[in-house]
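Below is one structure; the comments refer to it alone.
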Amino acid sequence: MNVRLGDLKLSEQEKKLFHSLIDSAMFSEGKYTKEFEGKWASYVGTKYCATFNSGTSAMMAGFAALQNSKKYRVKKGSKVITTPLTYIATINSVLTTGMEPVFADVRDDFNIDPEKIAELLEESKDTNEFSVLLPVHLLGYVAEMDKLNAMAKKYGLVVFEDAAEAHGSKYKGKKVGSLSTLSDFSFYMAHAVCAGEYGTINTSDEELKNLCESLKGNGRMCCCTVEQRASKKCPHVVEEKSGVDPRYFSSIVGYNFKATEFQALLGLTQIAKIDETIRKRQENVRYLNEGLAKYSDKLQLPMFSREVSYLCYPLVIKDASINRKKLREKLAASGVESRPLFGCAPIHQPAYSYMKQKYQGKLPKAEFFGSRGFYIGCHQYLTQEELDYAIKIMGEAIKHASN
Ligand SMILES: Cc1ncc(COP(=O)(O)O)c(C=O)c1O
């Protein structure tokens, strides 16, 4: 038996939509992309949504948009406060857009600790060096947004939510991704809305949305739809005679971060089922919690909440005599997929080893979760038989990995 981290099943009806897309030969951004953007903006509760070929490229475009914005004027080289316990894309997107990550430790819910951010800012000689606060709603758990927004206001920081893993998680009744100036989502495998590879920036700021549209098309002048441009209705055509076609003239330096209609269509089939997906995952977390309660002296089980949209089922090894590598090997040998809990970036990630000395001993919680945490699947297609099997194998793996 295999207990996978994620899965995706399409109905015959949904497959037919892909066949018609193939027949149409209209693969680059078009009607499905627009439909996805409209539906995802309305689901999250923002005015706008711009799509990208991944969550990572969305984040990079988000930072580039802030740097190009007349309103926010985020300076290249300025500091971004973020969490060390995250998928590496968060930090890569900061560095690859010329910003400097600064880490504050996490709390027991895996999310950045507002108290640690306050300490960092209070101890800083020049708070003007900081420009962005980048919380991550890790694995679906929501960061303490009221405190973070209040701190950002005090110090003049832009809040950029990394909501990649938290589709539909709620904070005080509002969906994550709508609680700050801009946010990103990833639609990679195992995420509640899966599109293979896909990402968005969500915002209610029109300037940022237009900049994102432009940046993903190599900084093109125009963010009209292809149809408008092809029929020469574009309001940005400078002058008919000048020969400036906004599709081929750039007002800013950008990237090609566009995706295809395939991703948009796949994403749309999943948005249609998101409420059921979230509910099913919550039920699975509850079931696994009940089944694994007998090991709660050895493993920290995930906190259950109806406000959390679960990416996976996270566990932390509390008992020091249990070896994570051995435990995961046993799970793998029995067909239960697992992943380590990302690691504490400056301490555990080889790419960021140059920061190790600076942060050694300063991020104890992220180090602990990063070295003792791991996760298994809780996705919507798991059967009761598979859940029972995962519970049984976990018991065997604990025994196998104990010294
Ligand atoms: C927290 C976080 N940020 C950013 C990303 C980047 O997304 P992608 O893998 O779509 O590039 C991910 C991916 O899952 C993520 O988990």
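The values are calculated or read from the model by the stated rules, or taken from the named source; none is laboratory data. Being a predicted model, the structure only gives us computed values, none of them experimental. A quick note on method: Cβ atoms are made from the backbone with ideal geometry, for glycine too, and the neighbour counts reach across all protein chains shown.
Please tell me if LEU182 is within 16 Å of the ligand (Cβ to nearest atom), over 30 Å from LYS9 (Cβ atoms) and not polar (S, T, N, Q). Even if it seems obvious, please write down each step before you answer.
Numbers: within 16 Å of the ligand (Cβ to nearest atom): yes; over 30 Å from LYS9 (Cβ atoms): yes; not polar (S, T, N, Q): yes.
In short, yes.
Residue check, PHE110 against (1) more than 13 Å from the chain's Cα centre (by Cα); (2) in a helix (DSSP H, G or I); (3) within 16 Å of the ligand (Cβ to nearest atom), all met but one. Which one?
The single condition PHE110 does not satisfy is (2).
Confirm whether LEU288 is under 14 Å from LEU382 (Cβ atoms) and among the aliphatic types (A, V, I, L, M).
Details: under 14 Å from LEU382 (Cβ atoms): yes; among the aliphatic types (A, V, I, L, M): yes.
Yes; evaluated as a whole, the condition is true for this residue.
Evaluate segment 315-326: report whether one residue or more is under 24 Å from the mean Cα position of the chain (by Cα), loosely packed, with under 15 Cβ neighbours inside 10 Å and modelled with pLDDT of 95 or more. Talk me through it step by step, then tell me what you get.
Initial filter on segment 315-326 (under 24 Å from the mean Cα position of the chain (by Cα)): 315-316.
Narrowing further to those that are loosely packed, with under 15 Cβ neighbours inside 10 Å: none.
So far as segment 315-326 goes, no, none of its residues is under 24 Å from the mean Cα position of the chain (by Cα), loosely packed, with under 15 Cβ neighbours inside 10 Å and modelled with pLDDT of 95 or more.
Test each condition in (1) within 16 Å of the ligand (Cβ to nearest atom); (2) crowded, with 24+ Cβ neighbours inside 10 Å; (3) not basic (Lys, Arg) for TYR188 and report the one that comes out false.
With (1) within 16 Å of the ligand (Cβ to nearest atom); (2) crowded, with 24+ Cβ neighbours inside 10 Å; (3) not basic (Lys, Arg) applied to TYR188, the lone miss is (2).
Of LYS76, LYS125, which residue is outside any helix (DSSP H, G or I) and at pLDDT 95 or above? If you could, list the steps in order and put the result at the bottom.
Working: LYS125 fails: at pLDDT 95 or above.
On inspection, the qualifying residue turns out to be LYS76.
Select, from ARG339, ARG328, the only residue that is within 16 Å of the ligand (Cβ to nearest atom) and either in contact with a strand residue (DSSP E or B) (Cβ under 9 Å, 6 or more places away or on another chain) or over 26 Å from THR82 (Cβ atoms) (or both). So that I can check it myself, show each step before the final result.
Numbers: ARG328 fails: within 16 Å of the ligand (Cβ to nearest atom).
Only one candidate qualifies: ARG339.
Those residues that are of a type outside the set (A, V, I, L, M, F, W, C) and either assigned to a loop (DSSP other than H, G, I, E, B) or in contact with a strand residue (DSSP E or B) (Cβ under 6 Å, 6 or more places away or on another chain) (or both), I need them from segment 1-32; list them, please. Write out each step before concluding.
Quick first cut of segment 1-32, residues of a type outside the set (A, V, I, L, M, F, W, C) only: 2, 4, 6-7, 9, 11-16, 19-20, 23-24, 28-32.
Scanning segment 1-32 gives ASN2, ARG4, GLY6, ASP7, LYS9, SER11, GLU29, GLY30.
I'm told LEU138 meets every condition in (1) within 13 Å of the ligand (Cβ to nearest atom); (2) over 21 Å from GLY373 (Cβ atoms); (3) buried (at least 24 other Cβ atoms within 10 Å of the Cβ) except one. Can you identify the failing condition by its number?
If we test LEU138 against (1) within 13 Å of the ligand (Cβ to nearest atom); (2) over 21 Å from GLY373 (Cβ atoms); (3) buried (at least 24 other Cβ atoms within 10 Å of the Cβ), just (2) comes out false.
Collect the residues in segment 44-73 that are outside any strand (DSSP E or B) and aromatic (Phe, Trp, Tyr), keeping them in residue-number order.
Just the residues of segment 44-73 that are outside any strand (DSSP E or B), to begin with: 44-47, 53-73.
Matches in segment 44-73: PHE63, TYR72.
Can you report the number of residues in segment 120-129 which are out of contact with any Leu (no Cβ under 6 Å at 6 or more places or on another chain) and surrounded by 14 or more Cβ atoms within 10 Å (Cβ to Cβ)? Break it down stepwise before answering.
Looking only at segment 120-129, we keep the residues that are out of contact with any Leu (no Cβ under 6 Å at 6 or more places or on another chain), and these are 120-126, 128-129.
Of the ones still in play, those that are also surrounded by 14 or more Cβ atoms within 10 Å (Cβ to Cβ) are 120-121, 124.
The total comes to 3.
Out of everything in segment 342-361 that is hydroxyl-bearing (Ser, Thr, Tyr) and without any contact (Cβ under 8 Å) to a residue 24 or more places away in the chain, what residue ends up being surrounded by the fewest Cβ atoms within 10 Å (Cβ to Cβ)?
Step one: of segment 342-361, the residues hydroxyl-bearing (Ser, Thr, Tyr) are 352-354, 359.
If we keep only those that are without any contact (Cβ under 8 Å) to a residue 24 or more places away in the chain too, we end up with 353-354.
Values: SER353: 11, TYR354: 8.
Looking at residues that are hydroxyl-bearing (Ser, Thr, Tyr) and without any contact (Cβ under 8 Å) to a residue 24 or more places away in the chain, I get TYR354.
Condition check ((1) outside the structural domain of SER186 (by TED's automatic domain parsing); (2) in contact (Cβ under 8 Å) with a residue 40 or more places away in the chain; (3) within 12 Å of the ligand (Cβ to nearest atom); (4) buried (at least 22 other Cβ atoms within 10 Å of the Cβ)) across all residues:
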position: LYS47; (1), (2), (3), (4): no, yes, no, no
position: GLN67; (1), (2), (3), (4): no, no, no, no
position: ILE81; (1), (2), (3), (4): no, yes, no, yes
position: ALA118; (1), (2), (3), (4): no, no, no, no
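Quick check on this structure: which one of GLY173, GLY98, GLY196 is within 16 Å of the ligand (Cβ to nearest atom), of a type outside the set (Phe, Trp, Tyr) and in the same structural domain as VAL253 (by TED's automatic domain parsing)? Steps first, please.
Working: GLY173 fails: within 16 Å of the ligand (Cβ to nearest atom); GLY98 fails: within 16 Å of the ligand (Cβ to nearest atom).
Result: GLY196 is the single residue among GLY173, GLY98, GLY196 that is within 16 Å of the ligand (Cβ to nearest atom), of a type outside the set (Phe, Trp, Tyr) and in the same structural domain as VAL253 (by TED's automatic domain parsing).
State the number of residues belonging to segment 265-280 that are closer than 21 Å to GLY199 by Cβ and in a helix (DSSP H, G or I). Talk me through it step by step, then tell me what you get.
Here is the first cut: in segment 265-280, the ones closer than 21 Å to GLY199 by Cβ are 265-274, 277-278.
Next, from what is left, pick out any that are in a helix (DSSP H, G or I): 265-271, 274, 277-278.
Residues meeting the conditions: 10.
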